[in-house]
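Trainee: Take a look at this one; I'll ask things after.
The values are calculated or read from the model by the stated rules, or taken from the named source; none is laboratory data. The structure displayed is predicted, hence computed values, not measured ones. Because the Cβ atoms are built from the backbone with ideal geometry, glycine has one as well, and the counts that use them run over all protein chains shown. The protein model used for the area step is the full one, side chains on, heavy atoms only, and it has no ligands, DNA or RNA in it. Shrake-Rupley method; radii C 1.70, N 1.55, O 1.52, S 1.80 Å.
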Amino acid sequence: MAESVISLQGVELAFGEKKVLQGVDLEVKKGETMAVIGPSGTGKSTILKVLIGLLEPTGGKVCIEGQDVSHLTEEEWNEIRKHIGMVFQYSALFDFLDVGENVAFGLRQHFRLQEEEIRQKVDELLQDVGMLDAKGMYPVELSGGMKKRVSLARALAFGPRIVLYDEPTAGLDPIRMMNISRLIRKTQRKHKVTSILVTHDMDSVYEAADRVALINNGKIVAVGTPEEFKYSENPLIRGFITGEEIAGATEAFR
Ligand SMILES: Nc1ncnc2c1ncn2[C@@H]1O[C@H](COP(=O)(O)OP(=O)(O)OP(=O)(O)O)[C@@H](O)[C@H]1O
């Protein structure tokens with residue numbers, strides 16, 4: 001079996017009295033895209049924050065590429081983060097930089113490259129996400145889908161081995177949603193990255209994910225392939241993906 005690149009074992013996280021993660025177990029294999037779905041407020045984004053060292057677990061163990069990262073210093077995290085690209089829900093581009101400079105930013109931070117090398121690399125990344133024509137535009141001039149494409153190019157600029165997506169299709173129309181989902185799949189194949197895709201969008205799960213985990217009340221309650229989820233009779237899974245009132249599920253999701 002392929003090795004786990006991301007491993008969470010019994011991970012707990014509390015904000016004061018509020019226990020958000022209550023023993024999360026999740027293994028993501030090398031080169032795999034794992035979708036994490038579940039009702040709002042159940043801890044999906046919190047898992048991503050733990051995986052980039054923005055939040056420290058209050059219990060359990062988190063490993064990235066075999067290294068225990070549960071309690072690292074900021075300096076140690078800075079090393080780990082060099083291998084992790086993050087695509088945020090709200091794209092988080094710098095408004096004062098044009099598209100090309102937004103993508104170049106990460107390159108300038110991580111590598112000592114000649115300007116010509118930066119230009120070539122930026123062009124290649126923008127070409128990959130279909131945004132080369134928009135290189136000189138500013139974020140304010142871009143649609144939501146375009147911003148997410150640029151955000152992905154920027155996340156890939158320093159050659160991450162892991163990419164974390166936090167609701168990358170939120171707020172887009174169905175066509176743009178599908179385009180971003182395809183781009184996530186293309187990124188996985190071309191760059192051989194291991195990914196976690198936090199989403200509410202089942203079409204994106206079917207298009208881009210190899211496996212999917214359902215979180216509820218701070219715990220992973222089911223893991224399977226998108227196909228298995230699609231045809232599952234598990235009331236928790238069906239209740240979530242169809243939105244139907246299914247006995248046992250509605251109560252559980254309350
Ligand atoms: N810094 C914080 N301080 C206190 N509570 C927090 C903090 N960050 C998140 N929470 C709480 O933790 C819970 C989980 O939040 P999280 O953002 O992980 O949920 P989510 O599953 O990603 O939700 P959504 O699907 O709506 O984005 C929520 O109830 C939220 O209010």
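Residues are listed down the side, and each one gets a yes or a no for (1) closer than 28 Å to residue 47 by Cα; (2) at pLDDT below 90:
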site: 67; (1), (2): yes, no
site: 109; (1), (2): yes, yes
site: 117; (1), (2): no, no
site: 166; (1), (2): yes, no
site: 176; (1), (2): yes, yes
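Trainee: If a residue must be within 14 Å of the ligand (Cβ to nearest atom) and touching a residue at least 60 places away in the same chain (Cβ under 8 Å), how many such residues does the stretch 14-25 contain? Outline the logic, then answer.
Mentor: Going residue by residue through the stretch 14-25, those that are within 14 Å of the ligand (Cβ to nearest atom) are 14-22, 24.
When the remaining residues are screened for being touching a residue at least 60 places away in the same chain (Cβ under 8 Å), the result is 19-22, 24.
The total comes to 5.
For (1) away from the ligand (no atom under 16 Å from the Cβ); (2) closer than 29 Å to residue 129 by Cβ; (3) not β-branched (Val, Ile, Thr), each residue gets a yes or a no:
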{"position": "7", "(1), (2), (3)": "yes, no, yes"}
{"position": "50", "(1), (2), (3)": "no, yes, no"}
{"position": "62", "(1), (2), (3)": "no, no, no"}
{"position": "90", "(1), (2), (3)": "no, yes, yes"}
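Trainee: Related question: Filter the stretch 205-228 down to the residues that are open to solvent by less than 20 Å² (accessible area, probe 1.4 Å), of a type outside the set (Val, Ile, Thr) and modelled with pLDDT of 95 or more and list them by number.
Mentor: Pass one, the stretch 205-228, residues open to solvent by less than 20 Å² (accessible area, probe 1.4 Å): 205, 208-209, 212-216, 218, 222, 224, 226.
Subset that is of a type outside the set (Val, Ile, Thr): 208-209, 213-214, 216, 218, 222, 224, 226.
Listed by number, the residues that qualify are 208, 209, 213, 214, 222, 224, 226.
Trainee: Could I ask something else about it? So which residues in the stretch 212-233 are in contact with a helix residue (DSSP H, G or I) (Cβ under 8 Å, 6 or more places away or on another chain) and part of a helix (DSSP H, G or I), if there are any at all?
Mentor: Answer for the stretch 212-233, where residues must be in contact with a helix residue (DSSP H, G or I) (Cβ under 8 Å, 6 or more places away or on another chain) and part of a helix (DSSP H, G or I): 226, 229, 230.
Trainee: Tally up the residues in the stretch 122-143 that are open to solvent by 40 Å² or more (accessible area, probe 1.4 Å), closer than 28 Å to residue 34 by Cβ and touching a residue at least 12 places away in the same chain (Cβ under 8 Å), please.
Mentor: Quick first cut of the stretch 122-143, residues open to solvent by 40 Å² or more (accessible area, probe 1.4 Å) only: 124, 127, 130, 132-133, 135-138, 140-141.
With the extra rule that they be closer than 28 Å to residue 34 by Cβ, the set shrinks to 124, 127, 130.
Next, from what is left, pick out any that are touching a residue at least 12 places away in the same chain (Cβ under 8 Å): 130.
Result for the stretch 122-143: 1.
Trainee: Taking residue 165 as the residue in question, decide whether it is open to solvent by 10 Å² or more (accessible area, probe 1.4 Å), on the phi < 0 side of the Ramachandran plot and of a type in the set (Ser, Thr, Tyr). Steps first, please.
Mentor: Working: open to solvent by 10 Å² or more (accessible area, probe 1.4 Å): no; on the phi < 0 side of the Ramachandran plot: yes; of a type in the set (Ser, Thr, Tyr): yes.
So residue 165 fails the test.
Trainee: Is at least one residue of the stretch 174-185 outside the structural domain of residue 129 (by TED's automatic domain parsing) and not in a helix (DSSP H, G or I)? Before you say what the answer is, go through the steps one by one.
Mentor: Filtering the stretch 174-185 down to residues outside the structural domain of residue 129 (by TED's automatic domain parsing) leaves 174-185.
Pick out the ones that are also not in a helix (DSSP H, G or I) and you get none.
No, because not a single residue in the stretch 174-185 is outside the structural domain of residue 129 (by TED's automatic domain parsing) and not in a helix (DSSP H, G or I).
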